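As structure tokens, the structure follows; a few thoughts come after it.
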Amino acid sequence: MIPNSTAAGSLDLLRTMLTIRKAEERLAGDFKAGLLPGPVHLYIGQEAVATGVCAQLDDCDWITSTHRGHGHFLAKGGDPKAMFAEIYGRSTGICGGFGGSMHVADVSKGILGANGIVGGGVALAAGAALAAQLDGEGHVGVCFFGDGAAAQGVLGEALNIAALWKLPLILVCENNGFSEFSPSSSVIAGDIFRRAEPYGIQSVRIDGNDIEAVAEAAGAAVERARNGGGCTLIEALTYRIHGHVEGENAFLKTRYREDEEVDSWRLKDPISRYGRLLEERGDIAVGKLSELEESIGKMINDAADAVADDPYPDSASLDRHELGAS
Amino acid sequence: MTRKRLIHAINDALVEEMERDERVILIGEDVGASIFGDTRGLLARFGPDRVRDMPISEALMSGMAVGASAAGYRVVCHLMYANFIYTAFDAIANQAARLRLMTNGQIRLPVVFMAAGGGGRSNAGQHSDYPHMPVASLGGVYVATPSCSADAKGLLKTAIRTDDPVFFLQPTSRGGEMGDIPDGEHIVPLVSAKVLRSGDDVTIVAVGAMVRVASRAAEALAEDGISVEIVDPRTSYPLDQDTIIGSVRKTGRLVIVDEARSAGSIANQVAALVAEKAFSSLKAPIVPVTTRDLAIAYAPPLEKAMIPDADRVVDAVRMTLREIAP
């Protein structure tokens with residue numbers, strides 16, 4: 001029995017994945033239209049990972065995220081409106097327009113923030129897991145990171161301490177195949193999930209586009225961590241349908257992947273795959289998926305529209321973050 | 001007043017703050033063994049939950065300090081030698097110094113990074129830097145530079161109670177020096193310079209271990225009837241500008257003594273400040289006395305030749321006095 005295996009739970013997972021997808025599609029359009037002041041890194045194709053993992057967490061559990069962090073933010077309960085406002089750089093944003101796409105955070109939801117430094121969240125999550133361990137209330141720290149971050153030394157450092165101290169830490173590697181603009185096969189040696197083995201840390205490689213596999217692996221890892229069993233490394237194999245960053249074709253002179261490869265992964269789309277499965281099982285009526293797509297798409301567009309013209313932050317608001325200002 | 005070594009003053013501050021607030025924790029390299037003596041006895045007194053020996057993993061340690069402080073603890077992170085801050089720098093520069101603004105104040109980080117810096121012990125090129133200004137350059141981290149027992153205790157206690165990151169840089173070569181510490185609760189606010197010798201002819205701004213060097217120079221100069229005022233900023237960032245400017249307005253002459261290298265010395269900041277705000281008070285060019293732009297050399301005569309000493313400070317003061325007022 002996996003968590004969220006009830007029909008209602010399944011529908012929630014589907015809804016969350018669709019919320020992320022629709023938000024990212026909206027942002028892709030906004031970027032094309034020149035409405036975003038800065039870069040955005042979209043999560044399209046990877047939605048099952050954030051959704052399946054965060055469904056096992058509550059607001060008192062901590063997550064750290066990546067530059068590709070909108071999906072984690074939304075899956076962990078972040079408000080879409082506040083996220084759009086942030087990415088539009090508005091004062092009503094979740095971070096008041098100070099952080100933007102790469103730094104969306106909502107501490108009240110346990111979201112310590114997306115992070116513009118590849119691997120930057122690893123040690124932070126380990127520290128949050130230490131805090132959770134000291135609190136002694138069964139909370140956990142979860143670090144989402146990419147295959148690119150598997151090349152950062154701090155991952156080995158974190159595995160070492162997590163094993164020594166049995167930290168309630170779940171390291172979730174979203175292996176989307178690329179380290180920024182390089183296929184990871186050219187820059188990452190070995191199997192990422194096996195990096196945990198010499199430390200005696202449990203690890204598993206799963207199909208990251210299979211939300212039930214993600215939920216099951218994450219559920220087991222979270223339960224182990226909550227019960228003093230320590231750290232788990234989950235490697236979720238997935239694929240980044242969009243580029244590293246929107247608009248990258250404007251500055252890249254060469255291709256780093258083939259269209260056929262992208263198309264082959266579109267066929268493994270985690271959302272339509274799960275929708276079909278639920279229909280086959282009779283958990284949702286036939287046609288429900290497209291109905292949901294439409295209603296969630298509308299909800300997302302309404303959320304984005306509602307804040308698109310909110311005021312930019314006043315430049316005087318910079319003062320409040322100087323050292324010494326309270 | 002009680003006379004204590006500087007290193008014991010630091011130990012007292014840690015004990016008092018850990019007694020005062022059970023959410024203060026200490027992590028770091030060899031905090032149990034305590035090669036400097038500043039953390040001696042804490043492990044036995046407060047136990048292995050709150051006092052944790054870390055592996056030699058600075059990137060992880062500094063990042064965990066950030067993560068645990070974001071998750072509700074007051075973290076003291078002992079990096080041992082100050083040069084190791086370069087290895088720890090991502091979490092300090094990209095995370096600790098940035099999260100407050102990027103999250104619009106959702107995350108405040110009560111974290112102290114402490115380390116011993118400076119030369120004088122033939123610790124050679126990778127254990128002798130005094131890197132206060134690289135941290136000052138970040139803009140989001142207080143830099144405390146105690147020069148004596150009383151300030152070491154008072155500044156560290158304040159640092160631990162501060163809701164923003166502090167780099168506490170103790171002088172490696174001065175740990176054994178005795179100094180008077182006021183009895184009872186002794187607090188030194190950040191951003192408060194100290195005039196430790198009053199004079200009329202020349203102001204010397206000196207930092208950390210250089211305060212003693214400046215004092216010896218001032219005593220020698222006093223025998224020749226030259227009256228020197230010594231200002232110890234005590235916090236390299238942010239600077240207590242008013243005290244420095246007030247002194248220069250009185251004396252009209254300024255020598256700045258810092259054992260950081262010339263290329264990254266506080267002399268540059270202080271000279272710029274005085275040029276901007278007290279230019280018309282100056283009767284002579286400002287003279288910096290700093291360390292040459294080289295790695296600190298090992299052999300005692302070489303090291304001695306690099307780091308400012310009282311003779312160089314005396315020469316600098318005499319140089320400012322040879323200049324004729326316009």
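The values are calculated or read from the model by the stated rules, or taken from the named source; none is laboratory data. Quick caveat: nothing in here was measured; it's all calculated off a predicted structure. Glycine gets a Cβ as well: all are built from the backbone with ideal geometry, and neighbour counts include every protein chain shown. For accessibility, only protein heavy atoms count, side chains too; no ligands or nucleic acids. Shrake-Rupley method; radii C 1.70, N 1.55, O 1.52, S 1.80 Å.
Restricting the first member to the stretch A:130-153 and to residues that are over 30 Å from A:Ser184 (Cβ atoms), and the second to residues that are part of a helix (DSSP H, G or I) and polar (S, T, N, Q), no beta-carbon pair is closer than 7 Å while six or more apart or on different chains. So which residues in the stretch A:121-142 are of a type in the set (A, V, I, L, M) and either out of contact with any helix residue (DSSP H, G or I) (no Cβ under 9 Å at 6 or more places or on another chain) or outside any loop (DSSP other than H, G, I, E, B) (or both)? Selection gives A:Val122, A:Ala123, A:Leu124, A:Ala125, A:Ala126, A:Ala128, A:Ala129, A:Leu130, A:Ala131, A:Ala132, A:Leu134, A:Val142.
Look at the stretch B:215-231: where a residue is touching a residue at least 24 places away in the same chain (Cβ under 8 Å) and a partner is open to solvent by 30 Å² or more (accessible area, probe 1.4 Å) and among the β-branched types (Val, Ile, Thr), sitting 6+ places away or on another chain with Cβ atoms under 9 Å, you get B:Glu229/B:Val195; B:Ile230/B:Val195; B:Val231/B:Val195; B:Val231/B:Thr243. Looking across the stretch B:127-147, the residues that are more than 14 Å from chain A (Cβ to nearest Cβ), touching a strand residue (DSSP E or B) at 6+ places or on another chain (Cβ under 8 Å) and surrounded by fewer than 24 Cβ atoms within 10 Å (Cβ to Cβ) come down to B:His127, B:Pro131, B:Met133. Against the test of being out of contact with any Asp or Glu (no Cβ under 7 Å at 6 or more places or on another chain), open to solvent by 20 Å² or more (accessible area, probe 1.4 Å), on the phi > 0 side of the Ramachandran plot and within 10 Å of chain A (Cβ to nearest Cβ), the options B:Gly105, B:Gly41 yield a single qualifying residue, B:Gly105. Any residue at all in the stretch A:101-118 that's of a type in the set (Gly, Ala, Ser), more than 24 Å from A:Arg226 (Cα to Cα) and touching a helix residue (DSSP H, G or I) at 6+ places or on another chain (Cβ under 8 Å)? Looking for residues that are of a type in the set (Gly, Ala, Ser), more than 24 Å from A:Arg226 (Cα to Cα) and touching a helix residue (DSSP H, G or I) at 6+ places or on another chain (Cβ under 8 Å), one finds at least one in the stretch A:101-118, hence yes. Condition (residue is under 20 Å from A:Leu35 (Cα atoms), within 14 Å of another protein chain (Cβ to nearest Cβ) and open to solvent by 40 Å² or more (accessible area, probe 1.4 Å)) applied to the stretch A:281-304: is it met by at least one residue? Within the stretch A:281-304 (the criterion being under 20 Å from A:Leu35 (Cα atoms), within 14 Å of another protein chain (Cβ to nearest Cβ) and open to solvent by 40 Å² or more (accessible area, probe 1.4 Å)), the answer is no, since none of the residues qualifies.
Residues in the stretch B:12-38 that are open to solvent by less than 10 Å² (accessible area, probe 1.4 Å) and not in a loop (DSSP other than H, G, I, E, B): B:Ala13, B:Leu14, B:Glu17, B:Met18, B:Val24, B:Ile25, B:Leu26, B:Ile27, B:Gly28. For beta carbons closer than 9 Å, sequence separation of 6+ or different chains, a first residue in the stretch B:159-174 that is more than 12 Å from every other protein chain (Cβ to nearest Cβ) and open to solvent by 10 Å² or more (accessible area, probe 1.4 Å) and a second that is in a helix (DSSP H, G or I) and of a type in the set (Val, Ile, Thr), the qualifying pairs are B:Arg174/B:Ile7. Take A:Ile94 and decide whether it is β-branched (Val, Ile, Thr) and open to solvent by 20 Å² or more (accessible area, probe 1.4 Å). Yes: the conditions hold for A:Ile94.
With respect to the stated conditions, B:Ala222 is in contact with a strand residue (DSSP E or B) (Cβ under 9 Å, 6 or more places away or on another chain), assigned to a helix (DSSP H, G or I) and assigned by TED's automatic domain parsing to the domain that holds B:Val274. Please work out if B:Gly208 is touching a residue at least 24 places away in the same chain (Cβ under 8 Å), in contact with a His (Cβ under 8 Å, 6 or more places away or on another chain), buried (at least 16 other Cβ atoms within 10 Å of the Cβ) and not in a strand (DSSP E or B). It is true that B:Gly208 is touching a residue at least 24 places away in the same chain (Cβ under 8 Å), in contact with a His (Cβ under 8 Å, 6 or more places away or on another chain), buried (at least 16 other Cβ atoms within 10 Å of the Cβ) and not in a strand (DSSP E or B).
Filtering B:Ala82, B:Ala9 for residues that are open to solvent by less than 40 Å² (accessible area, probe 1.4 Å), more than 11 Å from every other protein chain (Cβ to nearest Cβ), in contact with a Pro (Cβ under 7 Å, 6 or more places away or on another chain) and closer than 27 Å to B:Ile296 by Cβ leaves a single hit, B:Ala82. How many residues does the stretch B:157-205 hold that are assigned to a strand (DSSP E or B) and either within 20 Å of B:Asn83 (Cβ to Cβ) or aliphatic (A, V, I, L, M) (or both)? Qualifying residue count, the stretch B:157-205: 13. Determine if the stretch A:239-247 includes at least one residue that is surrounded by fewer than 17 Cβ atoms within 10 Å (Cβ to Cβ), more than 17 Å from the chain's Cα centre (by Cα) and more than 30 Å from A:Pro198 (Cβ to Cβ). Looking for residues that are surrounded by fewer than 17 Cβ atoms within 10 Å (Cβ to Cβ), more than 17 Å from the chain's Cα centre (by Cα) and more than 30 Å from A:Pro198 (Cβ to Cβ), one finds at least one in the stretch A:239-247, hence yes. Can you run down the residue pairs with Cβ atoms below 7 Å, 6 or more apart or on separate chains, where the first is in the stretch A:63-90 and on the phi > 0 side of the Ramachandran plot and the partner is outside any loop (DSSP other than H, G, I, E, B) and open to solvent by 10 Å² or more (accessible area, probe 1.4 Å)? As it stands, the answer is A:Gly77/A:Lys109, since those pairs meet every condition given.
B:Arg52 passes all but one of (1) at the interface with chain A (Cβ under 10 Å from one of its Cβ atoms); (2) open to solvent by 30 Å² or more (accessible area, probe 1.4 Å); (3) not small (Gly, Ala, Ser); which number fails? Tallying (1) at the interface with chain A (Cβ under 10 Å from one of its Cβ atoms); (2) open to solvent by 30 Å² or more (accessible area, probe 1.4 Å); (3) not small (Gly, Ala, Ser), B:Arg52 fails exactly one: (2). Of all residues in the stretch B:119-131, which are of a type in the set (Gly, Ala, Ser) and either under 10 Å from the mean Cα position of the chain (by Cα) or not assigned by TED's automatic domain parsing to the domain that holds B:Asn11 (or both)? None - no residue of the stretch B:119-131 is of a type in the set (Gly, Ala, Ser) and either under 10 Å from the mean Cα position of the chain (by Cα) or not assigned by TED's automatic domain parsing to the domain that holds B:Asn11 (or both), so the list stays empty.
Criterion applied to A:Val154, A:Val118 was being among the β-branched types (Val, Ile, Thr), within 13 Å of chain B (Cβ to nearest Cβ) and not in a loop (DSSP other than H, G, I, E, B), and the one residue passing it is A:Val154.
Within the stretch A:38-84, if we keep just the residues that are aliphatic (A, V, I, L, M) and part of a loop (DSSP other than H, G, I, E, B), the residue that is surrounded by the most Cβ atoms within 10 Å (Cβ to Cβ) turns out to be A:Leu42.
So which residues in the stretch A:85-109 are closer than 12 Å to A:Leu36 by Cβ, within 11 Å of chain B (Cβ to nearest Cβ) and in a loop (DSSP other than H, G, I, E, B)? Result: A:Gly100, single match.
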